[in-house]
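Below is one structure, written out as structure tokens, with a few remarks after it.
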Amino acid sequence: MKKSLLLLFFLCFLNTLFAQENPNTINTNGTYEYDFAPTYTSSMIISLNNVYYDAQTVSLEELKKTYLDKLRQAGLDTSKLKEDPLSYALMGYEKDGIILTYTTDSLEEIQNFLLVMSMGVSRSETSMKARLTDSQMADYAHKAYENAKQKAEAIAKKIGRSVGKVIYISDGNNEEINESLYYGNAVKKRTYYLNASFELL
């Protein structure tokens, strides 16, 4: 009898402990759409490999000068260009060349840059980058949390329950946005995602 009482007490203790560690919860995803201001970067390959056989007497410096002149004629600021000889060397081309990278905060300007064609010049890649501050991430996370809580409250109400305190929050968003514009996705809006669990009362 004594053993039975001890076993019953132990089982009750385990059930209480399990209930405390695993309360009834409701889990929802929250979102918040925000605007951001990216920096655009585009790289062009200037290479003798891109020159046809009937123009083989041209030099790399001539190709570069002609291209820079065309950029200036298009109203672009060539002081924004940076040379990247290492990246070109890593590409393994047989002939001389260089990569020129143009960076701007203007989408229209990067589009104009991409439209300038010149002998020996080919496109490499174009991307947009942005970095969220700690303050921005905290603000967006709070708004996404409020969205998650509203969803939880709406669901709980439908089943005759209510929502208590938050139990768990998961935020997997990156502070840095770094995306290729290969498919032309230049929309300056992104969504902040957050997962939250609440007590279900």
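The values are calculated or read from the model by the stated rules, or taken from the named source; none is laboratory data. Owing to the predicted nature of the structure, the values given are computational and were not obtained by experimental measurement. Quick reminder, even Gly has a Cβ in these numbers, built from the backbone with ideal geometry, and neighbours come from all protein chains shown. With ligands, DNA and RNA removed, areas are computed over all heavy atoms of the protein, side chains included. Shrake-Rupley method; radii C 1.70, N 1.55, O 1.52, S 1.80 Å.
Straight Cα distances below 18 angstrom link Lys80 to the lysines Lys64, Lys65, Lys70, Lys129, with same-chain residues fewer than 8 positions distant left out.
Full extension of the chain segment joining Thr31 with Ser59 gains 4.6 nm, where the gain is 0.36 nm per residue of separation less the Cα-Cα distance.
Cα centroids of segment 131-152 and segment 77-118: 37 Å apart.
From the P(r) of segment 131-201, can you give the percent of Cα pairs sitting at distances over 14 Å? Percent of Cα pairs beyond 14 Å in segment 131-201: 66.
Charge dipole (Cα centre; +1 on Lys/Arg Cβ, -1 on Asp/Glu Cβ; no other charges) of segment 114-201 amounts to roughly 420 debye.
Remark: spin-label model distance Glu176-Leu201 equals 4.4 nm, labels positioned 7 Å along the Cα→Cβ axis. Protection proxy ranking, highest mean first, for peptides 108-120, 125-137, 39-51: 39-51, 108-120, 125-137, where packing is the per-residue count of other beta-carbon atoms within 10 Å, averaged. With all protein chains kept in place, the per residue accessible area of segment 98-201 amounts to 61 square angstrom at a probe of 1.4 angstrom. Phi angles of segment 72-89 translate, via the Karplus equation with coefficients 6.51, -1.76, 1.60 and θ = phi - 60°, into HN-Hα couplings of 5, 4, 7, x, 9, 8, 6, 5, 7, 7, 10, 8, 9, x, 5, 4, 5, 4 Hz per residue; Gly and Pro are given as x.
Modelled spin-label separation between Ser122 and Ile155, with each label point placed 7 Å from Cα along the Cα-to-Cβ direction: 5.1 nm.
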